[in-house]
Amino acid sequence: MLPFSRVTIIGLGLIGSSIARAIKADMPTVRVTGHDLDPQVRETSRALGFCDDVADTAGAAVTDADLVIFCVPVGAMAAAAEAIADDLPADAIVSDVGSSKGTVLAALSAALPGATMVPAHPVAGTERSGPEAGFATLFHGRWCILTPPDGTDPVAVERVAEFWRRLGAEIEMMDPQHHDRVLAITSHLPHLIAYTIVGTASDMEEVTRSEVIKYSAGGFRDFTRIAASDPTMWRDVFLSNREAVLDMLQRFTEDLTSLQRAIRWGKGDELFDLFTRTRAIRRSIIDQGQDDAAPDFGRQHD
Ligand code: NAP
């Protein structure tokens, strides 16, 4: 039996439109209603046809939903939840896909007191945004982390887990604070570093911009993909996961200083040992199917 029959998606960008497309592909009898604050996004979504219905107001989108998923930037979660507060059916389950979980849960709980919440974070994405960027297979083989607050009805948790399994994801459970620390090091800090490197390169005076672009295959190019990620989404992630990001940044800065010292004093063994350890991590990621082992990271060259 399907876990839900009427799903509402608020926010029809990369993640929201991918969920809608995946539902159509994997659970075609489920009715999908969408809403986005941006009239242009609503228009595009109607034209692309990945929802059965795109409502002009958030309230109208949720009136008969049995699952509502917020797919808006984390800084917009509170406003998006307030917009449905009067129309949310009492038995609907509320979820979200926010990249940070502690502050989002607090915002959703304050706006929708008494609602059953099963927050989720599909660890899948691209550097693109908007309704055209979504695709049905985005979640295949990716982890989806559920962070239900203590005391959540286990039946509700299992329904949301089953929903994500049917979209091709694998499920992991975490408490919101642990999620935020894990993602600070695996996702948020790498984005911050990429933004820094690309920003530094673009400010350089002695190396020209055309040289940076011409020789980018030397490593820079892989940072530019991450640094092209959506500015609104990432501004919100850093502000909402502030404590964990600052803590990881402190550790990173200390490690960077010790690398600086190893280079200054010619301690090749230290560099070699670190690079050997990091190479093993890359191998584990490939072994666990979380990236492509093909040369040049599986890039297509035509
Ligand atoms: P996106 O492509 O920019 O889509 C977000 C959409 O939400 C936009 O169309 C935006 O409209 C709309 N919106 C903003 N405020 C709203 C509101 N109050 N009510 C209704 N719609 C509203 O972003 P995304 O990449 O799909 O990310 C959505 C969420 O998924 C974020 O919380 C992000 O942290 C999380 N996430 C992202 C990734 C990723 O790799 N992209 C991965 C996992 C989780 P405007 O553009 O006009 O503001």
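The values are calculated or read from the model by the stated rules, or taken from the named source; none is laboratory data. Note that the structure is predicted; figures quoted are calculated from it, not measured. Here the Cβ is made from the backbone with ideal geometry for all residues, glycine too, and neighbour counts use every protein chain on show. Ligands, DNA and RNA are stripped out before the accessible areas are found, and what is left, the full protein with its side chains, is counted by its heavy atoms. Shrake-Rupley method; radii C 1.70, N 1.55, O 1.52, S 1.80 Å.
What the table below lists for this structure:
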{"item": "Matching option when the condition is within 13 Å of the ligand (Cβ to nearest atom), within 21 Å of the chain's Cα centre (by Cα) and open to solvent by 30 Å² or more (accessible area, probe 1.4 Å), among ALA60, ALA78, ALA85", "result": "ALA78"}
{"item": "Residues within the range 239-258 that are of a type in the set (Val, Ile, Thr) and either surrounded by 11 or more Cβ atoms within 10 Å (Cβ to Cβ) or under 16 Å from GLY98 (Cβ atoms) (or both), tallied", "result": "1"}
{"item": "Unique match (being open to solvent by less than 60 Å² (accessible area, probe 1.4 Å) and under 24 Å from the mean Cα position of the chain (by Cα)) among GLY199, GLY268", "result": "GLY199"}
{"item": "Residue match in the range 172-194 (condition: under 23 Å from VAL74 (Cα atoms), open to solvent by 60 Å² or more (accessible area, probe 1.4 Å) and in contact with a strand residue (DSSP E or B) (Cβ under 7 Å, 6 or more places away or on another chain))", "result": "yes"}
{"item": "Filter result (open to solvent by 10 Å² or more (accessible area, probe 1.4 Å), touching a residue at least 60 places away in the same chain (Cβ under 8 Å) and not in a loop (DSSP other than H, G, I, E, B)) within the range 132-157", "result": "GLU132"}
{"item": "Selected residue (criterion: farthest from the ligand (Cβ to nearest atom)) from residues of the range 99-123 that are within 12 Å of the chain's Cα centre (by Cα) and either in contact (Cβ under 8 Å) with a residue 60 or more places away in the chain or more than 24 Å from SER17 (Cβ to Cβ) (or both)", "result": "LYS101"}
{"item": "Subset tally (residues that are more than 9 Å from the ligand (Cβ to nearest atom), in contact with a His (Cβ under 9 Å, 6 or more places away or on another chain) and not in a helix (DSSP H, G or I)) for the range 9-41", "result": "1"}
